[in-house]
Amino acid sequence: MEKEKQLLIKCRSLIEDDLNWGDSSTWSNDDFEQLSEKIFEKTRVQLSISTLKRIWGKVRYENFPTTATLNALTGFLGYDSWRAFKQKNSINEPANAVENTTNLITEAGRQIHPGKAKPKFGKINAAFIFIGLPLIAAVIFYMSFKKRSANIDLSKVKFEAVKISDSLPNSVVFNYDASVFKSDSVYIQQSWDPTRKERIDGNGRQYTSIYYNPGYFMAKLIVDNEIKKECVVSIKTNGWKGIIEQKPVPIYLSAHEIRGKGFMGISDSLFHAKIGLPVFNDTWVKFANVQEFEGIDAGNFALETTFRNASAVEASVCRKVNVVLLGAGMAIVIPFSDKGCISDLNLLNAGNYISGKDHDMSAFGCDFSQFQNLKCSVENHHLKIYLNNKLIVDTPQKQTLGKIEGIRFEFEGAGQVKYVKLSTPTAGIYEDRF
């Protein structure tokens, strides 16, 4: 475990070097929030601010981070996994790193080695009174709290979500009962996004949240920085919904505005009129269809579509595109861009992340003067991606989507979609020709 801790420290140091934000001891809450967003942009895994603070020693926490957390941290650095990071980074422990306890005496938190003068009893006694006793009391309190929490039957803790409508935006009423924890640190987090986390009354019974975007969300009841319960919040659409992303409230597009002649999408001129800016770098429009796709098997399906980023290079330098299949807590995100920007692309395959920083993603570079034809299929736990009839990805899928909950197109700038077909052989088919 000591070697694992040293590797985590090295991973942390490499992240600090990459960010170049200065001494991490001076980082603010906003810095950790920004780091969370940067990790998500690269890995599509959202680490909470509290998790990052624990890793950086801002919050006391005894447990070692989970494998999923470690995978996300090393994924940010361009590694496939924590295991890959360990294999490529060695830690040599010094010979005296671990000493026999008979050769080491610990008094009031100080280490006294043989041959060194021991402090006088009076000083030790004073240190014990002012440091040792409060520390022991804190440990006893913590252990008693953990024991009490461990005896709580979480199946009897109430946490459920009730949607108010079937439209967007959608308010959700959370019915909960966290009184058994006897804590004043109780939160509801809407989804993976740590910014959508609200403190609630530990003795309360209801709390409402607004969901502005459609999707499949796993809301969390968090007590004392630990997830105690989760519940599904599925916000559906009635057909295709166009949304321009902006904070805190997005811009909704009407059904008429997103329908062109033979395509679904918007033009540069409409985008400009909506946001008031002529340049769309890092400004995204999304077209989402979230519903139950009857007969579609998440373990055996094909998605076929024709699309392009319709912005001029002067309006959107990289003209990025993401084609997203939403699952029950998982997703497939297939990225594209102009050929010169492939370094920033990140492919997500239901939990498995491939970064353009340490993988050649040139096959995902597109000439958007032409529409692009994409086919994505999953069969026998294998993902295949074809672009313009050329196989560009053939890789195992370690985790399935569980159930396909939605299709989403994301464009940096204006975009157009001509055709969408989702099918499972001899079972079900969904098709849209615009």
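Restricting attention to segment 1-50, which residues are outside any helix (DSSP H, G or I), of a type outside the set (Ser, Thr, Tyr) and crowded, with 18+ Cβ neighbours inside 10 Å?
If we filter segment 1-50 for residues that are outside any helix (DSSP H, G or I), which is where we start, we get 1, 20-23, 27-28, 44-48.
Still in the running and of a type outside the set (Ser, Thr, Tyr): 1, 20-23, 27, 44-47.
Hits for segment 1-50 are Trp27, Arg44, Val45, Leu47.
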Quiz item: Out of all the residues in segment 161-204, which are loosely packed, with under 13 Cβ neighbours inside 10 Å, within 26 Å of Asn289 (Cβ to Cβ) and under 23 Å from the mean Cα position of the chain (by Cα)?
Solution: Ser171
Quiz prompt | Residue selected from segment 258-283 under the condition more than 31 Å from the chain's Cα centre (by Cα) and either among the charged types (D, E, K, R) or assigned to a strand (DSSP E or B) (or both), by the criterion modelled with the highest pLDDT | solution = Arg259
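Do we find a residue being within 26 Å of Trp82 (Cα to Cα), of a type in the set (Phe, Trp, Tyr) and either crowded, with 20+ Cβ neighbours inside 10 Å or not assigned by TED's automatic domain parsing to the domain that holds Val324 (or both) anywhere in segment 404-426?
Going through segment 404-426, the residues within 26 Å of Trp82 (Cα to Cα) turn out to be none.
No, segment 404-426 has no match at all.
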Quiz item: Got at least one residue in segment 401-417 being out of contact with any Lys or Arg (no Cβ under 6 Å at 6 or more places or on another chain), assigned to a strand (DSSP E or B) and over 29 Å from Val279 (Cβ atoms)?
Solution: yes
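Just the residues that are of a type outside the set (Val, Ile, Thr), within 29 Å of Glu160 (Cα to Cα) and either at pLDDT below 95 or in a loop (DSSP other than H, G, I, E, B) (or both), please, taken from segment 233-257.
Just the residues of segment 233-257 that are of a type outside the set (Val, Ile, Thr), to begin with: 234, 236, 238-242, 245-248, 250, 252-257.
Restricting the remaining residues to those that are within 29 Å of Glu160 (Cα to Cα) gives 234, 236, 238-242, 245-248, 250, 252.
Residues satisfying the conditions are Ser234, Lys236, Asn238, Gly239, Trp240, Glu245, Gln246, Lys247, Pro248, Pro250.
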Quiz prompt | Unique match (being of a type outside the set (S, T, N, Q) and at pLDDT below 95) among Tyr353, Tyr386 | solution = Tyr353
Exercise. Quickly run through segment 246-257 and pick out the residues that are within 26 Å of the chain's Cα centre (by Cα) and surrounded by fewer than 16 Cβ atoms within 10 Å (Cβ to Cβ).
Key: Gln246, Lys247, Pro248, Val249, Ile251, Tyr252
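The values are calculated or read from the model by the stated rules, or taken from the named source; none is laboratory data. Computed from a prediction, not measured in an experiment: that's the story for all the values here. Cβ sites come from the backbone with ideal geometry, for glycine too, and all protein chains shown count toward neighbours.
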